[in-house]
1. When only alpha-carbon atoms are used, what values of Rg and Dmax, in angstrom, describe segment 94-222?
2. If I model a spin label as a point 7 Å beyond the Cα along the Cα-Cβ vector, how far apart are those points for Glu267 and Gln171 in nm?
3. Extension gain Asn25-Ile397, at 0.36 nm per residue separation less the Cα-Cα distance, in nm?
4. How would Ser65, Ser231 line up by accessible area, probe 1.4 Å, largest first?
5. Give me the number: length gained by fully extending Phe289 to Glu60, i.e. 0.36 nm times residue separation minus the C-alpha to C-alpha distance, one decimal in nm.
6. Bin by bin, in steps of 10 Å, what percent of the Cα pairs in segment 164-260 do you find, going until the bin that has the longest distance?
7. Take every Cα pair under 8 Å in the chain that's 6+ residues apart, average their separations, divide by the length, and report that relative contact order as a whole percent.
8. Accessible area, 1.4 Å probe, largest first: how do Asp76, Asp166 sort?
Amino acid sequence: MKIILFGCGKIGSTIISTLVSEGHNIVAIDKSQETISEITNIYDIMGICGNGVDCAVMTEAGISSADLFIAVTGSDELNMLSCFLARRMGAQHTIARIRTPEYNDEDLAFLKNELDLSATLNPELLAAHEIFDILHFPSAIKVETFSNRSLKIIDFIIKENSPFKDMSLSQIRQKYQASFLICNVMRNDEVYIPDGNFVLRVGDRIGITATNTEFMKFLKFSSISQKPVKSVMMLGAGKITYYLAKLLIQSGVKVKIIDKDKERCIEFSNMIPEATMIYGDGMNKEVLFEEGLENTDAFIALTGNDEQNILISFTTVDKVQTVIAKVNHHALATTAEKLGLDRVISSKSATASVISRYARALENSKGSNVEKLYKLVDGKAEVLEFNVLNDFKYTAIPLKEMQLKKNILVAGIIRGRKSIIPSGADKIMPGDKVIVVASGIILSDLTDIIA
């Protein structure tokens, strides 16, 4: 597809990297010549220095033949205006980044309708939801939730005291009569879609598919502590902090926010009066301990500085049950994880997954479409949720009789309100939602899993 992207900052460059890897024809627009030069040196794409609300620039980019226009500059208003112009000049679909907290769901619905937007993006809200899901399972590294909210993929690390170490998957299924599926394993930077003979080792990062109820059984079997999070301390009063604080307070969690900007503290006190605001330098450990760090269930570093988030998280990781750091720079995030900081989140990666899913949904026409898409284990694997339409050719066939491609696993089936962890006897039916885990292959349609 031909995709034009306006705004090549941190979010934009991550989206470009994802879309280029999937073979799309990309045109990048940015006001900074230095940024355009850097992007075009890294990727084999067309770059234009200019403004996305300049008709001449849009014409040069070929907007009239664009399948998708994406605006992710730092200005909500500029993003919306450029998308409006793009539609009027012939773009088939448009996506705008809109992240101002003052826009509620009703405002966004109105803007989307009036500006003829195909979709809106809020990277900070996506990141807040990702953190919120992890806090529901404090021992987890990452949590992905599907359409009916009961079926999840949750990542854990196999520790030295795990009863699953040195056991094959078939042995685990025989010994523990819970309905869960180990659908991916990362070991020494390699990703595996395991079969029943695969033996788990200490240090493996495993992804488990199960319903909420079966996860509780899994946690009991694995001796993983699951103390509920009742209090959270956050460092940095930014947009992610705002959205996350609102989610946590609504669920009855006590929230304390520390920031060294006095005006920002006052602003947050007015916006979120239920939260406790602390004016102070959270990089000073004494401040954290004075504010009760050791009596807090979770600590989340959300400043605008990746290095500071990593450093302060390492300082607190032995003092708090759950520590999460926001790290947008990919290389820093990878380094932090290898050094033992398990829970690292990035608003960039969540946004890139949403864009990738949308692009694939536009492309397919074979009887199913992508409902959700998540990148797993540093992007080396994907989990996709497909809608099964009536003309899908492989319905009512037992999975054990389907010839699936290598490194493909059907990890879940959602049928109405029922969530199914599939066995070989289960069948895909029209109207189902099917969860597929894949490594080393790009899936645009459910038909692509067939060999």
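The values are calculated or read from the model by the stated rules, or taken from the named source; none is laboratory data. Everything numeric in this text was worked out from a predicted model, so none of it was measured. Here the Cβ is made from the backbone with ideal geometry for all residues, glycine too, and neighbour counts use every protein chain on show. What goes into the accessible areas is simple: the full protein's heavy atoms, side chains included, and nothing from ligands, DNA or RNA. Shrake-Rupley method; radii C 1.70, N 1.55, O 1.52, S 1.80 Å.
1. Gyration radius and largest Cα-Cα distance of segment 94-222: 19.1, 58 Å.
2. 5.6 nm
3. Full extension of this stretch gives 130.2 nm more.
4. Ranked list, largest accessible area first: Ser65, Ser231.
5. Extra length from Phe289 to Glu60 when fully extended: 76.8 nm.
6. 13, 33, 22, 24, 8, 0
7. Relative contact order of the chain: 11 percent.
8. Ranked list, largest accessible area first: Asp166, Asp76.
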